[in-house]
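Remarks on the structure that follows.
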Amino acid sequence: MGQNLVSDDKVMQEVIDAIVQTTGVEKSEVKPGSSLVNDLGVLSLDFLDVNFRLEQVFGIKMARNFVLEHAEEMFGEGQVIDENSDITEKGVEVLMLRVGEKANGLAPGTPVDELPGLVTPETLAKAVRDCL
């Protein structure tokens, strides 16, 4: 059962505010489906700051590791990321669960380095709602 204390709109607004405050990107440029990396030019260190801001606002603890690293711990080494640092079929399944439609077209063999481009305000908001 979902939580009803914080509305989805409030979560999205706080995510957008965290992105704007961290990166200096204009608020009008941040759309729910914008890729933080590809569309907004967010740097990898900024992800930590955005997460920290969201943790402070909502009183939650967000994952510091990439979702596939957690999956590797659960399923075993090499099950979601292969020896070439590419995504396996199981890795694609895990990402579909986490980022939904943004992972459409993602195929086994995709380099892990391409995955930060899947992170959007929507996926961050989903992560916050999952913690709540």
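The values are calculated or read from the model by the stated rules, or taken from the named source; none is laboratory data. Bear in mind that the values here come from a model prediction, so they are computed numbers and not experimental data. Methodologically, a virtual Cβ is constructed for each residue, glycine included, from the backbone with ideal geometry; neighbour enumeration extends over all protein chains shown. Accessible surface areas use protein heavy atoms only, side chains included; no ligands, DNA or RNA. Shrake-Rupley method; radii C 1.70, N 1.55, O 1.52, S 1.80 Å.
The figures follow:
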| read-out | value |
| --- | --- |
| In segment 32-49, the residues that are over 16 Å from VAL99 (Cβ atoms) and in contact (Cβ under 8 Å) with a residue 24 or more places away in the chain | SER44, ASP46, ASP49 |
| Matching residues, segment 59-94, being over 18 Å from ALA127 (Cα atoms) and out of contact with any strand residue (DSSP E or B) (no Cβ under 9 Å at 6 or more places or on another chain) | GLU73, MET74, PHE75, GLY76, GLU77, GLY78, GLN79, ASP82, GLU83, GLU89, LYS90 |
| Every pair of residues 6+ apart whose Cβ atoms lie under 9 Å, when the first sits in segment 75-93 and is part of a strand (DSSP E or B) while the second is open to solvent by less than 90 Å² (accessible area, probe 1.4 Å) and among the small types (Gly, Ala, Ser) | ILE81/ALA71; ILE81/GLY91; ASP86/GLY109; ILE87/ALA107; ILE87/GLY109 |
| Boolean, LYS61 is open to solvent by 80 Å² or more (accessible area, probe 1.4 Å), modelled with pLDDT of 85 or more and not aromatic (Phe, Trp, Tyr) | yes |
| Any hit, segment 45-55, residues being assigned to a loop (DSSP other than H, G, I, E, B), more than 24 Å from PRO108 (Cα to Cα) and open to solvent by 20 Å² or more (accessible area, probe 1.4 Å) | no |
| Residues being at positive phi and at pLDDT 90 or above - total across segment 78-132 | 3 |
